Amino acid sequence: MARGSRKKNQLSGMPSDLWNGLLALSQQINLEPKQPLFHADDAGDGCYAVQTGALKATINDPNGHERMLAVFSSGMIV
């Protein structure tokens, strides 16, 4: 997603100058496929915006099976 352009999402009503200011202060993280952004027991340390692609939120059940909680697509906030 290009700087300054946003799809409809949770923050789509935010003024463009504020959005661009947040982007200017942010740090970009590039993940490889299946690379975790964080784990369930990690301390909360930020807010993430999906720029391209998608991010899947999962948890393992007591039997070790992966359960999908949500999918975050381009333009969504995690």
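The values are calculated or read from the model by the stated rules, or taken from the named source; none is laboratory data. It should be emphasised that the depicted structure is a prediction, and the values quoted were computed from it without experimental measurement. Surface accessibility is based on the protein's heavy atoms, side chains included, excluding ligands, DNA and RNA. Shrake-Rupley method; radii C 1.70, N 1.55, O 1.52, S 1.80 Å.
Starting at the first residue of the range 49-57, write each ³J(HN,Hα) from the Karplus equation 6.51 cos²θ - 1.76 cosθ + 1.60 with θ = phi - 60°, in whole Hz, x for Gly and Pro.
Result, ordered by residue: 10, 7, 7, 9, x, 8, 10, 9, 9 Hz.
Given the Cα-Cα distance of Asp41 and Ser26 and 0.36 nm per residue of separation, how much length would full extension add, in nm?
3.1 nm
Taking amide hydrogens as modeled 1.01 Å from N in the peptide plane, which residues meet the under 5 Å criterion relative to Gln51, leaving out close sequence neighbours?
When sequence neighbours closer than 5 places are left aside, the close amide H contacts are Gly75.
What ranking of Leu18, Leu69, Leu23 comes out by heavy-atom accessible area, probe 1.4 Å, highest first? Let's see the in-between values first.
Details: Leu18 95, Leu69 120, Leu23 25 Å².
Result, largest first: Leu69, Leu18, Leu23.
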